[in-house]
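Taken together, the values in this text are just the output of simple stated rules run on the coordinates, not laboratory data. A quick note: this is a predicted structure, and the numbers were derived from the prediction, not measured. Here the Cβ positions follow ideal geometry from the backbone for every residue, glycine too, while neighbour counts run over all protein chains shown.
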């Protein structure tokens, strides 16, 4: 069965649902949201591990157009964020547009019809004039290839694929990785397991998490006077905007922050040897700064071992670290991150010549204003290359990209007829050069660490090297001079010339 829509949105996390809301607000109802799972929520549906919560304050980690006066805590748990996304879906009447259990297997650009041909796992096929890819960089778990893993006799799962049917009580558990998920899982499971072994390749910087319940009086005030919630959100945003210069221009100013993190560790970790294992040797901010007031106290418990070396081999139920340390375990939990710079969705996006986006990006991701890839007309991505943040809410960046998406569709309306926009290679390159030039002096490039922000070539293709206000300004409108306009092949004198290349209009800046 085939359905033709104006816009196909891929994914139903914050990016996909935000795009759907914005489309409706722009008066566009001819769209579908293709979701591979059986419910909405994206990252906040998939990550349901013990202790899962957000490290951005609740009132900032929500849409500006859908404020929630009833957040129960200053930092929300996974269940509250997922409930919020379900609420957004209902309030903005998005369910008729959802196509659940519909994983995109392949989307191919048709240069004759100027549309995307989308094949899904549900057996349904879609033709879309425009595709908005909102699969997100934290959607496909990465499990390292460890010799002997296939022969491990116990249970193995990734933090984003938590097996809630498996009881960890009384077990010997290995936690592999020390990222944002791991520091939440460790204190959540430590009291229940008989022994917890943490395999730490690189210690993170961990700041105290100042979390508290939001009182009933505060919530009542936000409901009665919505402006108070707006002021709260504005204050949270402003403080983070002020911090950006330390990350992007003056990394040496982060020394004071390091001292706060060290004091956070010293309060709980009294053993000098353990403290040495947990102290990073790189500038704070080079990797994502983590928030927890429970992580270090959990590591200090007698049933926890910290192995300051990565997992290198598995021999039966024995895990062997790179430094030779061995541990007998019953269950392995991988907190080893996601395919961020090599997103699997790029293998499924195919241009007119049969080349995938992954092949186009083989030397590194790059997209015009984080949205448009050259050679892939009328295809946009939300949370694309160099749109990530190290200290603030990604919802701010998503909303900026939604502004860009809305103007993109308006420009197509203005052009009229069957038209498509293809980012000019020189415009993409110019944008990327500016981004990478700014990146050179940031903490992410000068802090002395290797992080998931960097691709296989050591280039930071993930983070935005500026403020959210700067990005909002850069994505306020589409500059047609940065695009080629494609027109459907003309039919003249009764003869179809569809076999010829697309007609491309030259557009100059106004």
Original post:
In degrees from 0 to 90, rounded to the nearest 10, what is the angle of the helix 425-439 Cα long axis to the longest principal axis of the chain?
Top reply: 30
**OP:** Specify the angular offset, from 0 to 90 degrees and rounded to the nearest 10, of the alpha carbon long axis of helix 394-415 from the longest principal axis of the alpha carbons in the chain.
**Re:** 10
Subject >> Computed over the range 29-146, Cα set: Rg, Dmax in Å >> reply: 16.9, 53
**OP:** Give the Cα extents of the range 253-340 along the principal axes, in whole Å, largest first.
**Re:** 47, 35, 22
Original post:
Which number do you get for Rg(Cα) / (2.2 N^0.38 Å) in the range 287-382?
Top reply: 1.68
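Before anything else, pin down the relative contact order of the range 294-353: Cα pairs under 8 Å, at least 6 apart, normalised by residue count, whole percent.
On the way: 36 pairs, mean separation 9.5, N = 60.
It rounds to 16 percent for the range 294-353.
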**OP:** Kindly identify the range 1-54 as rounded, prolate or oblate by the Cα gyration tensor criterion: order the square roots of the eigenvalues as a ≥ b ≥ c, call it rounded if a/c is under 1.5, otherwise compare a/b with b/c, prolate if a/b is larger, else oblate.
**Re:** oblate
Subject >> Peptides ranked, highest mean first, by Cβ atoms within 10 Å: ranges 451-460, 10-19, 154-163 >> reply: 10-19, 154-163, 451-460
Original post:
Taking Cα atoms, how many degrees apart are the long axis of helix 255-268 and the longest axis of the chain, rounded to 10 and kept between 0 and 90?
Top reply: 50
Subject >> Sorted by Cβ density within 10 Å, fewest first, the residues 231, 196 >> reply: 231, 196
Subject >> Spatial separation of Cα centroids for the range 91-164 and the range 174-253, in angstrom >> reply: 28
**OP:** Round to a whole angstrom and tell me the spacing of the C-alpha centers of the range 1-70 and the range 327-393.
**Re:** 18
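What's the Cα-based Rg to Rh of the chain, Rh via Kirkwood? Write down the numbers at each step before the final one.
Details: Rg = 24.0 Å, Rh = 24.4 Å.
A ratio of 0.98.
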Subject >> Packing-based order for 25-31, 77-83, using average beta carbon neighbours within 10 Å, highest first >> reply: 77-83, 25-31
**OP:** Please quote Rg/Rh for the range 126-183 to two decimal places, taking the Kirkwood radius as Rh and restricting both calculations to Cα atoms.
**Re:** 1.12
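Show me 103-109, 387-393, 133-139 ranked by packing, highest mean number of other Cβ atoms within 10 Å first.
Working: 103-109: 18.0, 387-393: 21.6, 133-139: 25.7.
So the order, starting with the most tightly packed, is 133-139, 387-393, 103-109.
Sorted from fewest to most neighbouring beta carbons within 10 Å, what does the list 479, 363 look like? Walk me through the numbers before you get to the answer.
Details: 479 14, 363 10.
Ascending Cβ contact count within 10 Å gives the list 363, 479.
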Original post:
Once you have the alpha carbon radius of gyration of the range 319-455, what is it after dividing by 2.2 N^0.38 Å, with N set to its residue count?
Top reply: 1.34
